[in-house]
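Asker: Structure in structure tokens, see below.
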Number of protein chains: 2
Amino acid sequence: MKTITYKQGMDLDTILKRNDDEREDIRNAVLEIIKGVKKEGNAALLYYTQALDHCVLTHLQVTEAEIDEAFAAVPAELLDIIREAAENIRDFHEKQLETTWTYTPQPGVILGQHITPIERVGLYVPGGKATYPSTVLMDAIPALVAGVKSLVMVTPPGRDGKINPTILAAAKIAGVHEIYKIGGAQAVAALAYGTETIKAVNKIVGPGNIYVATAKKEVFGKVDIDMIAGPSEVLIIADENANPVYAAADLLSQAEHDELAMPILVTTSAELGNQVIDEVYRQISEDLSRKEIAKKSVDDYGFIFIVKDLDEAFELSNQIAPEHLELLIEHPMDSLEKVKNAGAIFMGAYTPEPLGDYFAGPNHTLPTSGTAKFSSPLGVYDYLKKSSILSYDQAALQSVYPKIAAFARCEGLDAHAKAVERRFED
Amino acid sequence: MKTITYKQGMDLDTILKRNDDEREDIRNAVLEIIKGVKKEGNAALLYYTQALDHCVLTHLQVTEAEIDEAFAAVPAELLDIIREAAENIRDFHEKQLETTWTYTPQPGVILGQHITPIERVGLYVPGGKATYPSTVLMDAIPALVAGVKSLVMVTPPGRDGKINPTILAAAKIAGVHEIYKIGGAQAVAALAYGTETIKAVNKIVGPGNIYVATAKKEVFGKVDIDMIAGPSEVLIIADENANPVYAAADLLSQAEHDELAMPILVTTSAELGNQVIDEVYRQISEDLSRKEIAKKSVDDYGFIFIVKDLDEAFELSNQIAPEHLELLIEHPMDSLEKVKNAGAIFMGAYTPEPLGDYFAGPNHTLPTSGTAKFSSPLGVYDYLKKSSILSYDQAALQSVYPKIAAFARCEGLDAHAKAVERRFED
């Protein structure tokens, strides 16, 4: 871990090695796959699944029997935990529901906003080693709370043509409507454009590797997508009274995700900074199952920033705009207004990040790599859309139409002016 | 205009000539420009403005003196209309404001959602013949209602280095903070990456030509963008009692925008359909100032769909997902729940589309080309973001931490499990 004394105006992007270099070779491969799926449909899906996932599929859609079999294979205790987490996630996201509203700003006028769910949504779930049933819950439940009618999950099969049973169990508990055994750019293409078997969706959400992310960016416009996820990050703001054991453990829970994951401590106490570094390496030397990944993340992307006071800590944190922000300080809730950019805010010593990853209820799909400057946790709002409502009666329009006509003519739009004027010609 | 009898399952994308072909040549030109601006900053902006806008700029930022001069050049009457429209737009959008909330699902637990504005936003305003001060109001005011601290407008200069005065006046009335005389892909690149003079923004909104749209898609991820706008469209649902003169006038107000604009009538009455066609061509033959554009739009992209009843009309409309939906039917508000996909809904004979374009208050920046299936009018929500709030006390975490640890271990994330367990080791 690198210790840095913070100064205003530092080039944080360079220090944190954040960059946005495009990989043109990957884009070209992805475009080829998208073209293939648009043209050949299911045949292309089977071809790419064989070529890239080394699996010869007999059918694309996961059957009810396969789901039941998976469900039976998951320990009952774990199913109960998944169910309880699902309930917490549903409770929180129900608070995000929005409803249609109208109002009457003046007699004869009604204005408002009509709220409707997106009809059909695709949910990408990564396969391979990183199989996260928690992500199935986090991405699916808000969609179902929003009222999405068709929620379609795609996830790449193993070489044996099977899907991780816990993923299928979580999908069943969440209430996913259809599941297909496809992954990669080909799955994104199938969701965006449809095939003989898979009906095209209106929006694609969920994390994935660089091929999936590139494909999502390519189909954006044809369908909506959620924010493209980068490596995960946590930023802990800690004062001199923070517990270095907790801080180190929380940094490591981030670090074990990915060699590119970024664990950052921002502290007013250089002494605590040193304690946390010692503790991080002590905990790594214990029996962490993913210690190689965690060590590489900590070595390459771990940072301790020393700041002069908490105001400076929040200033720095707002510039970094972390995915996860932990406040290991006294009375953290009092500092809420100082937080400008963060995916999720974990308050105090007993709110470690894994609590939010699995269980508390708020979403764990959060803006990464500084995108918290302009985006939000995945939520019910991502699955809803709005239509404006306008209603004027004759008298209301009559009292303003010459102004509308004048405004339209100043823009050179004669037919716009005439459309209101013709209402009052006779 | 082409008259079509609607049948369920028709291939509407083909009939409406909707396609999403990419122009690889345009993308390559745009990538070159973005690379230039990233590398050369202001020098690249001056170079491209000379090469593409045929203007040798002496300074990038519009001065206070230039704004005052423009303001003085706009007729007082028009300024008053712009001010009144701005007030209506502000009133409507204030209804969209969201505030931070928290709740306590159980003792010792606080969950919630913290709302903050995006700090710095770039607003693209097209130049050339289509100068729309109304778009300045529509894009800027929701940002300022949301609390955006730095709202930065860019718009290409004329060959004389000047900006249309009405555009500058609208920007002043709306309250835009900075204005730069740049356009095209180079302006999008400057907003996304910054230059010596222009500080990078967090989000870019506003319409533009294919170069602007392509550049927005390329910088998406580095910054957020609003939906990429396609040609404008109106769909009018009319019953047999609708006034064909109004319907035709409203179709033409759409058609005059662009040769690719799409005016669609959906009616239960073949007779009304014929009357509207006659009336459209009669009105074109009158003195519309943009009659060539309107005629080309109507000829190539004008459609009359005959449906058997209003339910079928709404079914068709929901599939097309029009930017503007007009309901020229009895008691239109009673049909609100039938509308699933539409940008804005105009209710009844005295709510023509231009009322919404200029004056009523709801936004005129709306999802085009069927994107109303997954996106919304531009609104205050586009300039706000959310951070989840989580707070557990010791007892609350203690009661659930073994479940969190078990869930984490089922995902193979040992350090996640340890992060909660270490809190209760001693």
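Asker: Within region B:280-310, restricting attention to residues that are hydroxyl-bearing (Ser, Thr, Tyr) and closer than 11 Å to B:Ala261 by Cα, which residue is farthest from the other protein chains (Cβ to nearest Cβ)?
Answerer: Residue satisfying both the conditions and the ranking: B:Tyr301.
Asker: Restricting to region A:373-395, count the residues that are facing chain B (nearest Cβ under 7 Å) and farther than 19 Å from A:Leu123 by Cβ.
Answerer: So the answer is 11.
Asker: Scanning region A:88-101 for residues that are acidic (Asp, Glu) and part of a helix (DSSP H, G or I), which turns out surrounded by the fewest Cβ atoms within 10 Å (Cβ to Cβ)?
Answerer: Only one residue fits best here, namely A:Glu94.
Asker: Related question: Go through (1) within 11 Å of chain B (Cβ to nearest Cβ); (2) over 16 Å from A:Leu252 (Cβ atoms); (3) open to solvent by less than 10 Å² (accessible area, probe 1.4 Å) and name the single condition A:Ala313 misses.
Answerer: Result: A:Ala313 fails condition (1) only.
Asker: Exactly one condition in (1) more than 19 Å from A:Phe346 (Cβ to Cβ); (2) small (Gly, Ala, Ser); (3) touching a strand residue (DSSP E or B) at 6+ places or on another chain (Cβ under 6 Å) is not met by A:Ala247; state its number.
Answerer: Against the list (1) more than 19 Å from A:Phe346 (Cβ to Cβ); (2) small (Gly, Ala, Ser); (3) touching a strand residue (DSSP E or B) at 6+ places or on another chain (Cβ under 6 Å), A:Ala247 comes up short only on (1).
Asker: Whether any residue in region B:79-87 is more than 30 Å from A:Val339 (Cα to Cα), open to solvent by 90 Å² or more (accessible area, probe 1.4 Å), free of Cβ contacts under 8 Å to residues at least 40 places away in the same chain and not assigned by TED's automatic domain parsing to the domain that holds B:His364 is what I want to check.
Answerer: Looking only at region B:79-87, we keep the residues that are more than 30 Å from A:Val339 (Cα to Cα), and these are B:79-87.
Right, trim to open to solvent by 90 Å² or more (accessible area, probe 1.4 Å) and you get B:83, B:87.
Among the residues that remain, those that are also free of Cβ contacts under 8 Å to residues at least 40 places away in the same chain are: B:87.
Among the residues that remain, those that are also not assigned by TED's automatic domain parsing to the domain that holds B:His364 are: B:87.
There is at least one residue in region B:79-87 that is more than 30 Å from A:Val339 (Cα to Cα), open to solvent by 90 Å² or more (accessible area, probe 1.4 Å), free of Cβ contacts under 8 Å to residues at least 40 places away in the same chain and not assigned by TED's automatic domain parsing to the domain that holds B:His364.
Asker: Out of (1) under 30 Å from A:Ser253 (Cα atoms); (2) open to solvent by less than 10 Å² (accessible area, probe 1.4 Å); (3) touching a Phe, Trp or Tyr at 6+ places or on another chain (Cβ under 6 Å), what's the single condition that is false for B:Tyr358?
Answerer: Of everything listed in (1) under 30 Å from A:Ser253 (Cα atoms); (2) open to solvent by less than 10 Å² (accessible area, probe 1.4 Å); (3) touching a Phe, Trp or Tyr at 6+ places or on another chain (Cβ under 6 Å), B:Tyr358 misses just condition (1).
Asker: State the number of residues belonging to region A:377-426 that are more than 23 Å from B:Pro332 (Cβ to Cβ), free of Cβ contacts under 8 Å to residues at least 24 places away in the same chain and open to solvent by 10 Å² or more (accessible area, probe 1.4 Å).
Answerer: Result for region A:377-426: 8.
Asker: A further question follows. Which of the residues spanning region B:355-366 are over 26 Å from A:Val223 (Cβ atoms) and either without any contact (Cβ under 8 Å) to a residue 24 or more places away in the chain or more than 7 Å from chain A (Cβ to nearest Cβ) (or both)?
Answerer: If the condition is that a residue be over 26 Å from A:Val223 (Cβ atoms) and either without any contact (Cβ under 8 Å) to a residue 24 or more places away in the chain or more than 7 Å from chain A (Cβ to nearest Cβ) (or both), then B:Leu355 is the only one that fits.
Asker: Just to check your reading of the model, which residue among A:Val145, A:Val121 is in contact with a strand residue (DSSP E or B) (Cβ under 8 Å, 6 or more places away or on another chain) and on the phi < 0 side of the Ramachandran plot? Step through it out loud before you land on a result.
Answerer: Numbers: A:Val145 fails: in contact with a strand residue (DSSP E or B) (Cβ under 8 Å, 6 or more places away or on another chain).
Every option except A:Val121 fails the conditions.
Asker: Of the numbered conditions (1) at the interface with chain A (Cβ under 7 Å from one of its Cβ atoms); (2) out of contact with any helix residue (DSSP H, G or I) (no Cβ under 8 Å at 6 or more places or on another chain), B:Ser369 fails exactly one; give the number of that condition.
Answerer: (1)
Asker: While we're looking at this one, here's another question. Could you name every one of the helices (runs of 4 or more DSSP H) located completely within region A:1-57 that has at least 2 residues being touching a residue at least 60 places away in the same chain (Cβ under 8 Å) and not assigned by TED's automatic domain parsing to the domain that holds A:Thr368?
Answerer: Output list reads A:24-40, A:42-53.
Asker: To continue, here is another question. So B:Ala321 fits all but one of (1) more than 11 Å from chain A (Cβ to nearest Cβ); (2) farther than 16 Å from B:Tyr246 by Cβ; (3) buried (at least 20 other Cβ atoms within 10 Å of the Cβ); what number is the exception?
Answerer: Status for B:Ala321: all satisfied but (1).
Asker: Output the residues belonging to region A:367-408 that are of a type in the set (D, E, K, R) and modelled with pLDDT under 95.
Answerer: In the first step, residues of region A:367-408 are kept if they are of a type in the set (D, E, K, R); the result is A:373, A:382, A:385-386, A:393, A:403.
Result: no residue meets the conditions.
Asker: Sticking with this one: Just give me the residues in region B:257-283 being modelled with pLDDT of 95 or more, aliphatic (A, V, I, L, M) and closer than 21 Å to B:Pro231 by Cα, in sequence order.
Answerer: Once the filter is applied, which keeps residues that are modelled with pLDDT of 95 or more, aliphatic (A, V, I, L, M) and closer than 21 Å to B:Pro231 by Cα, region B:257-283 yields B:Ile264, B:Leu265, B:Val266, B:Val280.
The values are calculated or read from the model by the stated rules, or taken from the named source; none is laboratory data. These numbers were taken from a predicted model, which means no experiment stands behind them. Cβ: placed from backbone, ideal geometry, glycine included. Neighbour counts: every protein chain shown. Note: areas computed on protein heavy atoms with side chains; ligands, DNA, RNA excluded. Shrake-Rupley method; radii C 1.70, N 1.55, O 1.52, S 1.80 Å.
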